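The structure appears right after this line, and notes come after that.
The values are calculated or read from the model by the stated rules, or taken from the named source; none is laboratory data. Every value quoted in this text rests on a predicted model; they were computed, and no experiment measured them. Note that each Cβ is placed from the backbone with ideal geometry, even for glycine, and that neighbours are counted across all protein chains shown. These area figures cover heavy atoms from the full protein model, side chains too; ligands, DNA and RNA do not enter into them. Shrake-Rupley method; radii C 1.70, N 1.55, O 1.52, S 1.80 Å.
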Amino acid sequence: MFNISQVGKILKATNRLNMPTEFNSTLPLTIEVKKQINPIRYIIQLGKKEIETKSYTPLEVGSKYKAEIEQNNSKIEIKNLKKMPTIFERMPQLNYSIDNLLEDEPFTSTKKYKTFLLNHLANSSSKEQFLFFTQLLLATNQNVYHLFINENKKALLQLKPKKRKLEFYGYFEHLGAIGGEIYLIDEIYLNLMVEFQKSLQFLKENRKNLKGVVINSIKQQELKPLFEVSGENLLNLKV
């Protein structure tokens with residue numbers, strides 16, 4: 001299949017990079033839309049605060065977004081608003097660590113990976129878990145495979161093997177969306193794309209902490225998941 005252990009170690013290292021603490025230099029923050037007041041005004045939750053703001057782009061009540069936040073005096077400015085992918089927003093809390101995942105045999109072949117998903121699907125303890133593992137199983141029909149982390153900061157990685165490289169899409173709770181290509185030759189080479197300027201700057205400053213990978217390029221670009229499910233209706237798929 002592919003060396004999932006090497007890729008998973010990069011995922012783990014990226015997810016554990018320390019976040020900056022200063023508000024004006026922070027990474028993208030999560031916003032939840034609580035209520036729509038009129039066509040352009042909304043109540044959103046930012047951290048522990050609920051604030052009223054305007055958006056000329058329609059927002060979905062109940063959905064979560066990532067955005068870059070800046071504070072000038074007492075005014076909060078929200079820029080570059082991006083909706084979280086459905087599969088990440090609904091990822092259930094599972095008692096399964098990235099260390100267990102990388103040591104397990106299922107990731108040595110496609111057949112074993114599918115058996116792994118079927119076993120978790122059959123033993124799901126909730127509707128959310130059942131839907132989640134069904135989505136991961138459906139993704140294999142598009143040759144897309146998933147790694148996920150449920151630590152203090154969540155992360156999800158989609159991999160699509162191609163000849164001599166892996167196409168990937170990831171979503172990190174502290175970075176937002178990332179994507180690109182991984183080349184597995186004598187070393188791991190990475191072409192990386194991110195959606196947020198602050199995430200781009202943060203990764204450039206921390207590239208030395210990503211051990212075992214050679215980063216060819218990092219740039220800002222619009223990204224889409226390799227596989228996405230819209231809503232809870234599994235017949236309504238976007239692939």
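The table below lists the values:
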{"read-out": "Identity of the residue in segment 204-222, of a type in the set (S, T, N, Q) and in contact with a helix residue (DSSP H, G or I) (Cβ under 8 Å, 6 or more places away or on another chain), that ends up surrounded by the fewest Cβ atoms within 10 Å (Cβ to Cβ)", "value": "ASN209"}
{"read-out": "Per-region count, segment 90-106, residues surrounded by fewer than 17 Cβ atoms within 10 Å (Cβ to Cβ), modelled with pLDDT of 70 or more and not basic (Lys, Arg)", "value": "1"}
{"read-out": "Residues that are of a type in the set (Gly, Ala, Ser) and either surrounded by 16 or more Cβ atoms within 10 Å (Cβ to Cβ) or within 10 Å of the chain's Cα centre (by Cα) (or both), drawn from segment 125-161", "value": "ALA139, ALA155"}
{"read-out": "Selection within segment 187-239 - part of a loop (DSSP other than H, G, I, E, B) and at pLDDT 85 or above", "value": "GLU195, PHE196, GLN221, GLU222, LEU223, LYS224, PRO225, LEU226, PHE227"}
{"read-out": "Where a residue in segment 118-135 is within 18 Å of GLN158 (Cα to Cα) and its partner, wherever it lies, is among the acidic types (Asp, Glu) and surrounded by fewer than 17 Cβ atoms within 10 Å (Cβ to Cβ), with Cβ under 7 Å and at least six apart", "value": "LEU131/GLU232"}
{"read-out": "Unmet criterion (only one of (1) at pLDDT 85 or above; (2) in contact with a Lys or Arg (Cβ under 6 Å, 6 or more places away or on another chain)) for GLY170", "value": "(2)"}
{"read-out": "Residue, farthest from LEU138 (Cα to Cα), within segment 162-178, restricted to residues that are open to solvent by 30 Å² or more (accessible area, probe 1.4 Å) and assigned to a strand (DSSP E or B)", "value": "LYS165"}
{"read-out": "Given (1) open to solvent by 40 Å² or more (accessible area, probe 1.4 Å); (2) modelled with pLDDT of 85 or more, number of the condition LEU121 does not satisfy", "value": "(1)"}
